[in-house]
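Input: a single structure, listed below in structure tokens.
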Amino acid sequence: MDKATTRVAVLMGGLSSERPVSLETGRAVLDALIERGWNAVPIDVGRDLAAQLVKHDINAAWVALHGRFGEDGCVQGMLEVMGIPYTGSGVQSSAVAMDKLATKRAVRGLGIRMAKHVEVRRGESHDQLPVPSVVKPAVGGSSFGTTVVKDRAELDAALESALKYDAAALVEEFVEGDEITVAVVDGVPMPVVRILPVDGWFDFEAKYTKGKTVYEVPAKLPKETLDAAQRAAVTSYEAVGCQGLARADFLVPPDGEPVFLEINTLPGMTATSLSPMSAKAVGIDFPELCERILLGAHCMDAES
């Protein structure tokens, strides 16, 4: 990919509830690529995306979208049809990773520890659900619609909240322990980040409000725990078919064996986000990481 001849679109914003987060990611990536000498332009993604790509004569796309119509394979499919190389995972792996239940099915039987969980769809009864539990939409991110349920009386409201965002909810047995995350770049695990909210759990406010969370990288945990998390992250990355950057999230209970939660194919990408934080610990600064991801842009060859 030649800097002199490649016109890169940074796709940001989009149509999902995670639009504000995506705009922040996109602006940071755009600045980083320009700093590295790329001819990069921002495109706020709407239903006229195809026309915008043609108008700006785009021949590569850095996908900085989060949520539906961006992280779920939809935009990736459009880019495939248009023959425009793009960053990150392909259509199928994006769709699988976006759906937490599909992700769990993909990694089942591969030696990855997961919490007990139940799927609840709209209109179904839910008499045998675990409590305490975490209730979340099967499809979604940034903790939208996610509730920690400590009492059975709270289940109905938690399910109602989750089902506003998707037709299915994931009810997952609550695991007491530290949250950690492992970024994987081109199949290589980065150092483990330990997430320590100042108060409560790692919800939307804790994720995006400065000072609400302390991050420890590399995580100060036993080597066996760190190694197990990195192995599981790479295993899930490969099982789902990820490409470029992805990030696997875990909880670490008192026994030290990580419990896999999900893998994100388009994690947040600002200079203070978790994946860049992890890469920085091994000497990869933010602009370099953005450029490395761009250089991995791909598009399947059309059938002849």
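The 3J(HN,Hα) values that the Karplus relation (6.51, -1.76, 1.60; θ = phi - 60°) gives for the stretch 90-107 are, in residue order, x, 4, 5, 5, 4, 5, 5, 5, 5, 9, 4, 5, 5, 4, 4, 5, 5, 9 Hz. Gly and Pro appear as x. Comparing Ala40, Ala97, Ala157 in a Gaussian network model of the chain, where Cα atoms under 10 Å apart are tied by springs, the biggest mean-square fluctuation is seen for Ala157. Close amide H pairs (under 5 Å, H built 1.01 Å from N) link Gly90 with Gln243, residues at least 5 positions away or on another chain. The residues packed around Gln92, meaning those with a beta-carbon under 15 Å from its beta-carbon, carry a net charge of -4 if Lys and Arg are +1 and Asp and Glu are -1. Computed about the Cα centre, the dipole magnitude for the chain is approximately 240 debye when only Lys and Arg (+1) and Asp and Glu (-1) carry charge, each at its Cβ.
Taking the helices alone, the chain has a mean residue ellipticity at 222 nm of -9500 deg cm²/dmol, built from -39,500 (n - 2.57) per DSSP H run of at least 4 residues and averaged over all its residues.
Hey, what angle do you get for helix 19-35 against the long axis of the chain, alpha-carbon based, 0 to 90 degrees rounded to 10? The two axes meet at around 40 degrees.
Here the stretch 97-187 is assigned +1 on the Cβ of each Lys and Arg and -1 on the Cβ of each Asp and Glu. Its dipole about the Cα centre then comes out at about 300 debye.
Mean-square fluctuations from a GNM of the chain, with a 10 angstrom spring cutoff on Cα atoms, peak among Val192, Val282, Val120 at Val282. Taking amide H as placed 1.01 Å from N in the peptide plane, Val149 has its amide H under 5 Å from the amide H of Ser133, Val134, Val135, each at least 5 places away in sequence or on another chain. For the chain, modelled as a GNM whose springs connect Cα atoms under 10 angstrom apart, the maximal fluctuation among Lys220, Lys136, Lys280 occurs at Lys220. The mean sequence distance of close C-alpha pairs (under 8 Å, at least 6 residues apart), as a share of the length of the stretch 1-145, puts its relative contact order at 22 percent.
Over 28 Å apart at the Cα level, from the set Lys100/Lys150; Lys3/Lys100; Lys223/Lys280; Lys55/Lys280, are Lys3/Lys100; Lys55/Lys280. For the chain, the longest stretch holding no GluC sites (Glu not before Pro) located in a DSSP loop with at most 16 other Cβ atoms within 10 Å is which? In the chain, the maximal stretch lacking such sites is 177-302. For the stretch 113-187, the relative contact order is 39 percent, taking Cα pairs closer than 8 Å that sit 6 or more residues apart in sequence and dividing their mean separation by the residue count.
Which one, Val118, Tyr86, Ala51, is farthest towards the positive end of the dipole of the stretch 28-148 when Lys and Arg carry +1 and Asp and Glu -1 on their Cβ? It is Val118. Taking every C-alpha pair closer than 8 Å and separated by at least 6 residues, the mean separation divided by the residue count of the chain gives a relative contact order of 20 percent.
Scaling the Cα radius of gyration of the stretch 58-108 by the globular reference 2.2 N^0.38 Å produces a ratio of 1.17. In this rough spin-label picture, where each label sits 7 Å from Cα along the Cβ direction, the Leu295-Ala271 distance is 2.2 nm. Potential lengthening of the chain between Arg7 and Val282 amounts to 96.0 nm, from the contour at 0.36 nm per residue minus the alpha-carbon distance. Note that the stretch 146-152 has calculated 3J(HN,Hα) couplings of 9, 9, 8, 9, 9, 9, 4 Hz, one per residue in order, obtained from phi through the Karplus relation 6.51 cos²θ - 1.76 cosθ + 1.60 (θ = phi - 60°); glycine and proline are x.
The numbers here are math on the coordinates, done by the rules we state, and not lab data. It should be emphasised that the depicted structure is a prediction, and the values quoted were computed from it without experimental measurement. Please note: Cβ atoms are built from the backbone with ideal geometry, for glycine as well, and neighbour counts cover all protein chains shown.
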